[in-house]
Amino acid sequence: QVQLVESGGGLVQAGGSLRLSCAASGIIFSINAMGWYRQAPGKQRELVAAITSGQSTSYADSVKGRFTISRDNAKNTVYLQMNSLKPEDTAVYYCAALSMSKTYWGQGTQVTVSS
């Protein structure tokens, strides 16, 4: 099992920044990649950014150039630096850890961007 605990969400004005953190514990060696997803009210959950164990990254087109995903393997933590935030970035952000057989989810953290 893998446990994920997110932190760093909150309320910010448009144009501002936030950094989300996700600390992983448990059977860490089974994790191949980690990612951040988000779900806005009335919308499906979508992938925002992902990072592999080899540090390869990928981003949704809507956040490219504004968001940066990174990981600190020594701390078993993945980060999402969010800059130039827009009201449309408002959502619950979820951390995910992907193994060969299962995807683990954090509890989610609310990000609200006011205009």
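The values are calculated or read from the model by the stated rules, or taken from the named source; none is laboratory data. Since the model is a prediction, treat every value here as computed from it, not as a measurement. Cβ atoms come from the backbone with ideal geometry, glycine included; neighbour counts cover every protein chain shown. With ligands, DNA and RNA removed, areas are computed over all heavy atoms of the protein, side chains included. Shrake-Rupley method; radii C 1.70, N 1.55, O 1.52, S 1.80 Å.
So what is the accessible area of the stretch 13-66 per residue, in Å², with the probe set to 1.4 Å?
56
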inquiry  = What distance in nm separates the two pseudo spin-label positions at Asn73 and Ser58, each 7 Å out from Cα along the beta-carbon direction?
reply    = 2.1
task = Take every Cα-Cα pair in the chain and report what % of them are more than 21 Å apart.
result = 30
inquiry  = What does the extension gain come out to for Ser30 and Ser99, with contour length at 0.36 nm per residue minus their alpha carbon separation?
reply    = 24.3 nm
query = Using Cα pairs under 8 angstrom and six or more residues apart, how large is the relative contact order of the chain, in percent?
reply = 37
ask   = To the nearest 10 Å², what's Thr112's accessible area with a 1.4 Å probe?
value = 50
query = Going by accessible area, probe 1.4 Å, with all protein chains left in place, what is the ranking of Leu11, Leu85, Leu18, largest first?
reply = Leu11, Leu18, Leu85
Proximal aspartates and glutamates relative to Lys102, as straight alpha-carbon distance under 20 Å, when same-chain residues fewer than 8 apart are discounted = Glu6, Glu46
ask   = Between rounded, prolate and oblate, where does the stretch 11-79 land on the alpha carbon gyration tensor, with a ≥ b ≥ c its root eigenvalues, rounded for a/c under 1.5, else prolate if a/b exceeds b/c?
value = prolate
